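A.B. asks: Quick one: the structure is below, and I'll ask about it shortly.
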Amino acid sequence: MERKVFQFGDVVQMKKPHPCGTNEMEIIRMGMDIRIKCTGCQHSVLVPRAKFEKNLKKVLRSAAGSADSN
């Protein structure tokens, strides 16, 4: 299985939705743990990297794409 590529600032879709109803999250911190912020209610959650990679469905908007347009 191919490893999913993500980076700081990306908006990603998770397998399960946040309790507010949206399943889009923005990556706001990366390291051994990854902090993601819900795009619906702005709540942030710190998730271990292994659990994040398991629950990541796909990258919706890449931060690199918006930075390259300058």
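The values are calculated or read from the model by the stated rules, or taken from the named source; none is laboratory data. This one's a predicted model, so the numbers in the text were calculated from it and none came from an experiment. All Cβ positions, glycine included, derive from the backbone under ideal geometry; neighbour counts span all protein chains shown. Side chains included, ligands, DNA and RNA excluded: accessible areas come from the protein's heavy atoms. Shrake-Rupley method; radii C 1.70, N 1.55, O 1.52, S 1.80 Å.
A.B. asks: Does any residue of the stretch 34-44 turn out to be charged (D, E, K, R) and at pLDDT 95 or above? Spell out the reasoning first.
C.D. replies: Of the residues in the stretch 34-44, the ones charged (D, E, K, R) are 35, 37.
Then keep just the ones that are at pLDDT 95 or above; that gives 35, 37.
Yes, the stretch 34-44 contains at least one residue that is charged (D, E, K, R) and at pLDDT 95 or above.
A.B. asks: I would also like to ask the following. Any residue that is over 12 Å from Val59 (Cβ atoms), under 11 Å from the mean Cα position of the chain (by Cα) and open to solvent by less than 30 Å² (accessible area, probe 1.4 Å) - is there at least one of those in the stretch 23-36? Even if it seems obvious, please write down each step before you answer.
C.D. replies: Of all residues in the stretch 23-36, those over 12 Å from Val59 (Cβ atoms) come to 23, 28-36.
From the residues that got through so far, the ones that are under 11 Å from the mean Cα position of the chain (by Cα) too are 23, 28-30, 34-36.
Now drop any that are not open to solvent by less than 30 Å² (accessible area, probe 1.4 Å), which leaves 34, 36.
Yes - at least one qualifying residue is present in the stretch 23-36.
A.B. asks: May I ask you to verify whether Leu56 is under 13 Å from the mean Cα position of the chain (by Cα), at pLDDT 90 or above and open to solvent by 60 Å² or more (accessible area, probe 1.4 Å)? Explain how you work it out, then say what you get.
C.D. replies: Working: under 13 Å from the mean Cα position of the chain (by Cα): yes; at pLDDT 90 or above: yes; open to solvent by 60 Å² or more (accessible area, probe 1.4 Å): no.
Spelling it out, it is not the case that Leu56 is under 13 Å from the mean Cα position of the chain (by Cα), at pLDDT 90 or above and open to solvent by 60 Å² or more (accessible area, probe 1.4 Å).
A.B. asks: In the stretch 1-22, how many are loosely packed, with under 12 Cβ neighbours inside 10 Å, in contact with a helix residue (DSSP H, G or I) (Cβ under 9 Å, 6 or more places away or on another chain) and within 19 Å of Ala63 (Cα to Cα)?
C.D. replies: The number of residues fulfilling the criteria is 2.
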